[in-house]
Amino acid sequence: MSVRMTNAGPLGWVTDKEGGYRYQATHPESGRPWPDIPDSLLNLWAKLADYPHPPEACLINYYGGAAKMGLHQDRDEEDFAAPVISISLGDTAIFRIGATTRKGPTRKLELRSGDVIVLEGADRLAYHGIDRVLPETSELLEEGGRFNLTLRRVTKPN
Ligand SMILES: O=C(O)CCC(=O)C(=O)O
Ligand SMILES: [Mn+2]
């Protein structure tokens, strides 16, 4: 994977050779809990999510150099009634979004710094990915590149 990742929140999305993709409460190398999701992001969720419970994971992706992300669905969560809310910061990305089947038609969207997208309803399980990041399109990050934050509800509340 060319994207660098970390997390905030009670659960983080991780992967390694032994365990594959999963959510867990601690960093797989340090064994320590993830830091809290900042209030500003919890407030954004409360405003935009048509869902009565807070997010449990904030996945933080950093795209440097030629980093990209292949077409995939976000489906490791238990409750697809909760949206995935994605925030873009830094250089502009070419985002691709399609249907709920891998072979469906796709379209491209430019995600600029500050853009927020909500994957909900029929789009919650839409295939999506990042074709590429356009260098030097934002001055937000001194080192360049792009951060993407995704807020996710992982468990189904009782
Ligand atoms: O970087 C993005 O805008 C998308 C990230 C994403 O789809 C993911 O982390 O699952
Ligand atoms: Mn995704």
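The values are calculated or read from the model by the stated rules, or taken from the named source; none is laboratory data. Keep in mind that this is a model prediction, so the values were computed, not measured. A quick note on method: Cβ atoms are made from the backbone with ideal geometry, for glycine too, and the neighbour counts reach across all protein chains shown. Heads up: the accessible areas ignore ligands, DNA and RNA and are worked out on the full protein's heavy atoms, side chains in. Shrake-Rupley method; radii C 1.70, N 1.55, O 1.52, S 1.80 Å.
Just a few scattered comments:
- Reachable aspartates and glutamates from Lys68, criterion Cα separation under 12 angstrom, eight or more residues apart if same chain: Asp131
- Order by protection proxy (mean Cβ within 10 Å, highest first), peptides 140-146, 99-105: 140-146, 99-105
- Shape category assigned to the chain from the gyration tensor of Cα positions, a/c cut at 1.5: rounded
- In this structure the chain gives 57 Å² per residue of accessible area when probed at 1.4 Å with all protein chains present.
- Proximal lysines to Lys156, defined as alpha-carbon separation beneath 18 angstrom and excluding residues fewer than eight positions away on the same chain: none
- Surface composition of the chain: carbon plus sulfur atoms hold 50% of the accessible area, using a 1.4 angstrom probe and ignoring ligands, DNA and RNA.
- This model, with +1 at the C-beta of Lys and Arg and -1 at the C-beta of Asp and Glu, gives the chain a dipole about its Cα centre of some 580 debye.
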